[in-house]
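Structure, as structure tokens:
The values are calculated or read from the model by the stated rules, or taken from the named source; none is laboratory data. If you're wondering where the values come from, they're calculated on a predicted model, not measured in any experiment. Backbone-built Cβ (ideal geometry, glycine too); neighbour counts: all protein chains shown. Note: areas computed on protein heavy atoms with side chains; ligands, DNA, RNA excluded. Shrake-Rupley method; radii C 1.70, N 1.55, O 1.52, S 1.80 Å.
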Amino acid sequence: MNLHASRGAAAALRRLDPWQLAAAGIAAVVLSPLLSLAWTALQGSNGMWSHVVVHVLPTAARNTLLLLAGVGVLVVAIGTGAAWLVTAYEFPGRRTLAWALLLPLAVPTYIVAFAYLDLLHPLGPVQGMVRSLLGYDSPRDFRLPDIRSLAGCIVLLGFVLYPYVYLTTRAMFMTQAAGLIEAARTLGASPAAVFRRVALPLARPAIAVGTALALMEALNDIGASEFLGVQTLTVAVYTTWITRSDLPGAAQIALSMLVVVVALLALERHARRRQRYASGQRPRPMQPLRLRGGRAALAFALALLPVVVGFVLPAGYLVAETMARLGDGGVSPQLLASTRNTVLVAVAATLATVLAGLVMAWALRLAQGRRRERPAALRLRAASLGYAVPGTVLAIGLLMPLAWFDDGANLALRVFGMEPRMLLMGSVAALVLVYMLRFLAIAAGGIESGLARIPPSLDQAAASLGHRAGAILRRVHLPLLRPSLAAAALLVFVDAMKELSATLLLRPLNFETLATWLYAEASRGTYEEGAVAAMLIVLVGLLPVVLLARTGLRFGKERAS
């Protein structure tokens, strides 16, 4: 009996697929912060929760909901309007604006807030110019409304995050069946009616996807909200842990943020499920209407405005401040050290994330067409949850697992007579881990898309020659996946360099990245060296924007031909 049982166990072990086991392990690591968050929140906060409920949570929740509502309206209006303008109309400068409208993606929200705080300061250049035009001499006589407000935060975030809606909606407009638009025009529908009654209903799923992405970015923001004096849930999580050292209270607030995330995802899926359209004809791009004279100038101005507000003005400010700083004496050694730290951590996080994404996508590929396909797909979906969770929530959720790991490791160290110490908590490895969890969806999704373009017949041919799964991946798929791997690595690297919220909570002592350096400089009100750090982040952020622009231009040419 025991012999048969041992043989059965050995056979079961041989049947286990190491790729599926590795994928399951990665999914478990991604889910561990969320489970730990719930556990930590249930521990209670020694009477401080009542203070949080009365004095912190109502204001933070109200500000967060108002911020999301305002940003949602703004990104839909700007993103959808800009996408329709550059797709449905022909006017001078349209081709340039079609890719220039992506440029605000290169500027993180906290950098835009950093720039406009100085630009729109009562003693800054913009208000000085306005007073000069109006004949006023002093800020006491005339000043613009203070940008440090909820309304100011909504406007700035809206002009930075609208490209998420612009990207998805323009892609939908470019792939719609032109016959529907042309039929409406033939029947005498005005341009406004064509947009409202034909194009807009068709684009609602794309608008929903882009809006959900923009709102999750707004929810994740901590720098812009804090710079502009808006107490959001994200800021409340940070201050509750850092200022009050109340981890259960921070976890409880973080759980309320997860409720908002789940609501956004449910709203997006509901909108896509309710709006499904099919056309029996082969889609072809619509013929844009040519505008002339004043209408062409108005269209150009309307499409240019988001680019100016979201990119040109803050980038121009950063260039001017950077040149002034370099001319006055260069940059400090601390800033150079922060740059080195940022690059090293981003490179390590990119390697770890792309490797984990490759494992998840390859495990799903191996399971396709078998009984294990559904579990593999669920594991990939679970591993992608990190991108939907704000960085502060992930960081708070990771604190307990990191502490448990260090406790277990220290027990082993004591057994071998070694001094106990913190291995993960407060280390660079913790930053790499949280970056991997946060951006794994980017790598896994990009690699999965690349694998989907490779015909399964190549797998079958390699398997018939006796190659195992690892050899097939190494010798067949990796060479074909190089573009997908490079694109995923670029996106992860840039996002890791820009990440602020999780970095503030998990970085080691006296360890600065460019994002945290900028945050500290803005908190102190010293904008000179902060501008240099911000300029470096923006320059790196331009790389994926250029990639997106080139892809869009190439797609547009293919569609036109």
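Report yes if some residue within region 436-447 is assigned to a helix (DSSP H, G or I), of a type in the set (Gly, Ala, Ser) and farther than 23 Å from residue 212 by Cα; otherwise report no. No: zero hits. Taken over region 332-343, the criterion of being open to solvent by 20 Å² or more (accessible area, probe 1.4 Å), in contact with a helix residue (DSSP H, G or I) (Cβ under 8 Å, 6 or more places away or on another chain) and of a type in the set (A, V, I, L, M, F, W, C) is satisfied by 343 alone.
Which of the residues belonging to region 449-474 are surrounded by 20 or more Cβ atoms within 10 Å (Cβ to Cβ) and closer than 30 Å to residue 401 by Cβ? Of everything in region 449-474, just one residue is surrounded by 20 or more Cβ atoms within 10 Å (Cβ to Cβ) and closer than 30 Å to residue 401 by Cβ, namely 473. The single condition from (1) at pLDDT 90 or above; (2) surrounded by fewer than 16 Cβ atoms within 10 Å (Cβ to Cβ); (3) among the hydrophobic types (A, V, I, L, M, F, W, C) that residue 539 fails is (1). Picking from residues in region 96-106 that are open to solvent by 30 Å² or more (accessible area, probe 1.4 Å) and in contact (Cβ under 8 Å) with a residue 12 or more places away in the chain, the one that is nearest to the chain's Cα centre (by Cα) is 105.
Suppose we filter 393, 319 for residues that are surrounded by 15 or more Cβ atoms within 10 Å (Cβ to Cβ) and at pLDDT 85 or above; which single one remains?
Step by step, each of 393, 319 is checked, and only 393 is surrounded by 15 or more Cβ atoms within 10 Å (Cβ to Cβ) and at pLDDT 85 or above.
Of the residues in region 220-235, not one is modelled with pLDDT under 85, among the β-branched types (Val, Ile, Thr) and surrounded by 17 or more Cβ atoms within 10 Å (Cβ to Cβ). Report whether or not residue 421 is of a type in the set (Lys, Arg), surrounded by fewer than 13 Cβ atoms within 10 Å (Cβ to Cβ) and outside any helix (DSSP H, G or I). Criteria met by residue 421.
Can you tell me how many residues within region 112-129 are assigned to a helix (DSSP H, G or I) and either in contact with a Leu (Cβ under 7 Å, 6 or more places away or on another chain) or hydroxyl-bearing (Ser, Thr, Tyr) (or both)? Matching residues across region 112-129 total 9.
Quick one: which of 124, 152, 128 is open to solvent by less than 40 Å² (accessible area, probe 1.4 Å), over 22 Å from residue 541 (Cβ atoms) and modelled with pLDDT of 90 or more?
152
Take residue 111 and tell me if it is under 22 Å from residue 295 (Cβ atoms) and β-branched (Val, Ile, Thr). In short, no. Contact map, region 418-442: residues that are of a type in the set (Val, Ile, Thr) paired with residues that are modelled with pLDDT under 90 and open to solvent by 10 Å² or more (accessible area, probe 1.4 Å), Cβ distance under 6 Å, separation 6+ or inter-chain. Pairs shown: 442/491. Being more than 28 Å from the chain's Cα centre (by Cα) and either at pLDDT below 90 or assigned to a helix (DSSP H, G or I) (or both) holds for only one residue in 308, 331, and it is 331. Taken together, the criteria place residue 409 among residues that are open to solvent by 10 Å² or more (accessible area, probe 1.4 Å), part of a helix (DSSP H, G or I), out of contact with any Lys or Arg (no Cβ under 6 Å at 6 or more places or on another chain) and farther than 26 Å from residue 497 by Cβ. In region 322-335, the residues that are farther than 17 Å from residue 518 by Cβ reach residues that are open to solvent by 70 Å² or more (accessible area, probe 1.4 Å) with C-beta atoms within less than 9 angstrom, at least six apart or across chains, in these pairs: 328/528.
Given the criteria of a type in the set (A, V, I, L, M, F, W, C), more than 25 Å from residue 308 (Cβ to Cβ) and at pLDDT below 85, does residue 199 qualify? Yes: the conditions hold for residue 199. Is it the case that region 369-383 has a residue that's in contact (Cβ under 8 Å) with a residue 12 or more places away in the chain and farther than 29 Å from residue 266 by Cα? No, region 369-383 has no match at all. With the requirement that a residue be open to solvent by less than 40 Å² (accessible area, probe 1.4 Å) and not in a helix (DSSP H, G or I), what does region 475-507 give you? Correct list: 481, 499, 500.
Could you please give the count of residues in region 293-316 that are surrounded by fewer than 22 Cβ atoms within 10 Å (Cβ to Cβ), among the small types (Gly, Ala, Ser) and out of contact with any strand residue (DSSP E or B) (no Cβ under 6 Å at 6 or more places or on another chain)?
6
Looking at region 162-260, the helices (runs of 4 or more DSSP H) lying wholly inside it that each contain 1 or more residues that are of a type in the set (Ser, Thr, Tyr) and under 16 Å from residue 57 (Cβ atoms) sit at 223-227, 233-242.
Yes/no per residue for (1) under 23 Å from the mean Cα position of the chain (by Cα); (2) not aromatic (Phe, Trp, Tyr):
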position	(1), (2)
399	yes, yes
417	no, yes
422	no, yes
435	yes, no
444	yes, yes
483	yes, yes
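The number of residues in region 34-49 that are open to solvent by 70 Å² or more (accessible area, probe 1.4 Å) and at pLDDT below 80 comes to 4.
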